[in-house]
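The values are calculated or read from the model by the stated rules, or taken from the named source; none is laboratory data. A quick note: this is a predicted structure, and the numbers were derived from the prediction, not measured. Neighbour counts are summed over all protein chains in view; Cβ atoms, including those assigned to glycine, are modelled from backbone coordinates with ideal geometry. Side chains are part of the model used for accessible areas, which takes the heavy atoms of the whole protein and leaves out ligands, DNA and RNA. Shrake-Rupley method; radii C 1.70, N 1.55, O 1.52, S 1.80 Å.
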Amino acid sequence: MKVENSRRSIDVFLRTTVFLTIAISVLVMTAWLTGWSRGQSIFLHGATMKFNTALMFFFTAIALHLSLRKTPATKLLVKILTYSMLLVPVITLFEYIVLPSFSIDQIFIEDTRSKDFPGRMSQGTAISFIIIGLSLLGLEQKKEGLKVVFQYFLMMVGVMSLIVIITFLFGINSDFDFLFIDTVAFHTAVLFFILSISFSLKNPNLGFVGLFFVNNSGTKVIRIVLPIILFVPILISYFITRAFNSGEISASMALGSLIMLFIIFSGVFFIITAVLLNRSARQKDDLGNDLYAVNKELIDTKRALDETSIVAITNPKGIMTYINDKFCEISKYSREELIGKQHNIINSGYHSKQFFADLWKTIAKGNIWVGEIKNKAKDGSYYWVHTSIVPFKNESGKIYQYLSLRQDITAKKLAEELLNSQYVKKLKQKNIELEQFAFIASHDLQEPLRSITGLINLLNHDYGDKFDGNGQKYLEFITQGASRMSSLIKDLLSYSRLGKENLLATIDCNEILEQVKVDLSVNLIESGSTLICDNLPVIKGFEISLRQLFQNLITNAIKFRNEGVKPQITIGFEEITDYWKFSVSDNGIGIAEENKTKIFNIFQRLHSKDQYEGSGIGLANCKKIVELHGGEIWVESEYGNGSTFYFTLLKDPIIIPE
């Protein structure tokens, strides 16, 4: 917005210069044609603006006006006018050097006022016109160095014109013949001053003029201080000189007043400069602090992206200009091999040409593209990435680069492919067949067991008193054996059904543990057990199975305890990369080294039924539940000194569809 306002202000100034120059030049030419002497010279007995000078100003104004349009036709007209404008001052300057007259001084009008060189523009005027004309041509060139040179030449014209203006204001122009200043008319100097500024503004960002338009602290100081330096001393000196010339003050008082006012002005000037510099320094510090905060935020964001994502930046043509270490790690290419290349270096050939055509069509419109891409690494291996491509636009809305953020999803895609493979389909079929077999076997075995149990009860009821002691004992053994057989069949059926709960849920492990405490409350109280647990996480899993997992491990910790020792059970957890890791520790009887893997086998018992009751299937159930959640289970123990069961659960377990 500020840039647009500056350009608009410059355009208004240039057009005003054109209007003012045309107006004054036409007025002076009219004054010569009508004999109006005051139009020829603003100050009485001062130098006159010659007719040729006024005509050259007219040509200059027209050329400046046409140069603002920048069309091929106007550029040609500007060159014609400029060369015409240069012809007269060059011939005039040549006349001053070699003395002969070429009769161009009074070709349009006869000058009867000037004694020396009537009708001829002064040397200073001719030199200024040559500089103005050459600058008009030079400022349109493409080389910035040439433009800067002509800007400094224009500054010389402006300074000389300002000196002429000051000499007229102070009435000392007739005594000031340095650089032909005494022969330059007042309104000639004014027009040269304005034109030198106007031509310099055609390239406002270069050279001396650029100091006023570049948006920095130094420019702000110059904009405020320079007008004060230029005009305040002139104004003070003007009033003191007027007072001295009118006799109101003496020479010593004029000099003293000038010195005193100069000291005051200098003091005020330095105070203003110091205030501006202090303000600029504060703004710089504030900007530095803001910049530091922004840079720190950007650095932190970049570090977070580099640690978690595969990052690449490409130009609008798809050429990679930046890649991070993770990109090199997954693609197996070095940074030198990737920079300057397109992404087709990792093209796997898996996707169609239309796939990438649609991708480019989306991002070329400035939209974000999100999808999954299969790529090929340098060693020939394949990998999948979840990709987001974000276009970056400049101020004009044109895309200048693309940022690609990728996540490695190879494991997920391999799991999906595995689930869809024939192997999994066959495995599912085998599981269905095994489930059916287990159900039928358990059902068929339960039926004769119920018959045996019924017959034993009848036998015990009708003939129990006729058996001797051994007969009673044998009958009791048969009854216990049938009961254990029934329990084993039920446990086997439960084991075969594990994993049929295929609905993943978000589970608070603390709530599951509270339910287990309620179910085992009698055992906990009778054994005097102490249960300590951390604040457990919220996870994804199969609720019923996880509840059974915790219940089995806590039950074993209560059951396998040392004589006369109250069980102390501690449940903890920690978070690792893709898993939750849990631990269940006790102060029980412990497990020998050679038995640490056996205990997870189905129907594996380490103790007799007289010592510890059970079917030997509880830890096998635990192992199956953990594996259903994509984890592992193991035990660390020293015989006689307690045990710690560890198990991991995948944070995002995969459901195998039925």
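For ILE399 and LYS143, the difference between the fully extended length at 0.36 nm per residue and the C-alpha to C-alpha distance is 89.3 nm. Placing a label point 7 Å from the Cα of ASN523 along the Cα-to-Cβ direction, the residues of region 616-635 whose backbone N falls under 16 Å of that point are 616-623. Where in region 59-99 is the amide nitrogen less than 17 Å from a point lying 7 Å along the Cα-to-Cβ axis of VAL26? Only 59-66 pass the distance filter. Please find the FRET efficiency linking ASN510 to ASP408, where r is the Cβ-Cβ separation and R0 is fixed at 51 Å, and quote it to the nearest 0.05. About 0.95, to the nearest 0.05.
Per 0.36 nm of contour for each residue apart, how much would the distance between ILE271 and ASN535 grow if the chain were fully extended, relative to their Cα-Cα spacing?
On the way: separation 264, 0.36 × 264 = 95.04 nm, distance 6.68 nm.
Going from the current span to full extension adds 88.4 nm.
Note on ASP652 and LYS296: the extension gain reaches 124.8 nm, defined as 0.36 nm multiplied by sequence separation minus the Cα-Cα distance.
Specify whether the C-alpha gyration tensor of region 17-157 places it in the rounded, prolate or oblate class, a ≥ b ≥ c being the square roots of the eigenvalues: rounded for a/c under 1.5, otherwise prolate if a/b is larger than b/c and oblate if not. Before the final figure, lay out each step's value.
Values: a/c = 2.02, a/b = 1.58, b/c = 1.28.
Cα axes put region 17-157 in the prolate bin.
Taking the alpha-carbon centroid of each part, what is the distance from region 512-530 to region 319-372 in angstrom? Distance between centres, Cα-based: 57 Å. Within the straight-line cut-off of under 19 Å between alpha carbons, the lysines reachable from LYS353 are LYS317, LYS341, LYS361, LYS365, LYS374, LYS376, sequence neighbours fewer than 8 places apart in one chain being disregarded.
A crude spin-label estimate for the pair GLU563 and LYS75, with each label 7 Å from Cα along the Cβ direction, gives 11.1 nm.
Report the FRET efficiency, 1/(1 + (r/R0)^6), for LYS317 and GLU372, where r is their Cβ-Cβ distance and R0 is 25 Å, rounded to 0.05. Please report the intermediate quantities before stating the final value.
Working: r = 24 Å, r/R0 = 0.96.
The calculated FRET efficiency here is 0.55.
Only protein heavy atoms count here; under a 1.4 Å probe, LEU459 has an accessible surface of about 70 Å². Extending 7 Å from Cα along the Cβ direction at THR597 and again at MET155 yields two label points whose distance is 8.8 nm.
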